[in-house]
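The values are calculated or read from the model by the stated rules, or taken from the named source; none is laboratory data. This one's a predicted model, so the numbers in the text were calculated from it and none came from an experiment. Neighbour counts are summed over all protein chains in view; Cβ atoms, including those assigned to glycine, are modelled from backbone coordinates with ideal geometry.
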Amino acid sequence: MMTDVLYRFLNPWMLALLPLPFIWLVLQIRREKKRPPTILYSDLSIARDLPASMRQRVWRLLPWIRTAALCLGIIALARPQYGTVEYSASAVGADISLVIDVSGSMQARDVQPNRLEASKTAAAQFARTRRNDRVSVVLFGEDTAVLCPPTLDMNAVETFIDSIYNGIISNRATAIGDGLGRAIDLMKDSEVESRVIVLLTDGDNNSGILEPLQAAEMARALGIRIYTIGVGQPYVPGLSIRADFDEGPLIEIAQMTGGEYYHAGDEQTLERVYRDIDRLERSPIEVDEVADFNEQFMVFWFPGLLLLGMEVFLRAFWLRRLP
């Protein structure tokens, strides 16, 4: 459940009237300046340097007081309200497992600062965008590990992803099939309709009990889509030496399960890939909304009436003009 604190106007179109009091104020000031004196004197040079009296000062404030009163009245008519809106999802949108390669080859610097660090940054940004989804994180190298079990808490997911470091598990080899198998095991009993694995690796599988394509067959049988991301360059930059990168199996895995394959040769492309997957895997979900708002118009209406009454009183009595 999420709660938003909001300040809103029930009749916001009324706020369009706010310029009118200021237009009236300008016209009133101009009219007062052009207004002929009630009593004419032959010479005012003696009184010109006298300080303004209290009544004169207050008189000059009267148009401003009425303007403030009118503005407060208009804001009150716009029906300001203060309250909370609670959102609660009736179901999980999707089950998503981020399967991240942490083998030694992910330390290659063909993606800056290296493949693993770039992968962590993009995966954390992806998790941040998911709402009402259940996300888990699985690591694999020579071994596999569930770093973060399925959770709706994206802050926890980000924290776990940030904690990944080189050597967090044995990383002397790459067991892609075992990593996929671990993720499939996490979501095989899930009743959520949309189940997705996002596999991020350099594709250089050289270890493990389960072959990557066998894991893909298992995922297809269970209706789990796998999006594969090949991170890195096929050749060492500046040299014609082949790097630890093999996208062939990744393409097959994606095709077999109804997902897509992406090649991320740099950090910016990797971030775009995650945004594409985020767009593709948006599941419709029913969200219950409960709003509780309190009227706040009296906060503006009462001071407005007070100012207007004060202005009328001053004009009628203390500042009354004759004739």
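In this structure, Ser103 does not qualify as small (Gly, Ala, Ser), over 23 Å from the mean Cα position of the chain (by Cα) and more than 21 Å from His263 (Cα to Cα). Candidates in the stretch 266-319 are the residues that are among the charged types (D, E, K, R), part of a loop (DSSP other than H, G, I, E, B) and within 30 Å of Gly83 (Cα to Cα); of these, the one that is modelled with the lowest pLDDT is Glu286.
Against the test of being within 32 Å of the chain's Cα centre (by Cα), farther than 20 Å from Gly232 by Cβ, among the aromatic types (Phe, Trp, Tyr) and at pLDDT 95 or above, the options Phe160, Phe140 yield a single qualifying residue, Phe160.
Residues that are β-branched (Val, Ile, Thr) and either under 20 Å from Ile226 (Cβ atoms) or outside any loop (DSSP other than H, G, I, E, B) (or both) within the stretch 100-132 comprise Ile100, Val102, Thr121, Thr129, listed in sequence order. When restricted to residues that are buried (at least 21 other Cβ atoms within 10 Å of the Cβ) and either of a type in the set (Asp, Glu) or in a loop (DSSP other than H, G, I, E, B) (or both), the stretch 145-180 contains 4.
If the condition is being in a strand (DSSP E or B) and modelled with pLDDT of 95 or more, then the stretch 199-224 contributes only Leu199.
Looking only at the stretch 22-70, count how many residues are polar (S, T, N, Q) and modelled with pLDDT of 75 or more.
Qualifying residue count for the region: 2.
Taking the criterion of being buried (at least 20 other Cβ atoms within 10 Å of the Cβ) and farther than 19 Å from Gly258 by Cα, the residues of the stretch 187-226 that qualify are Asp202, Asp204, Asn205, Gly208.
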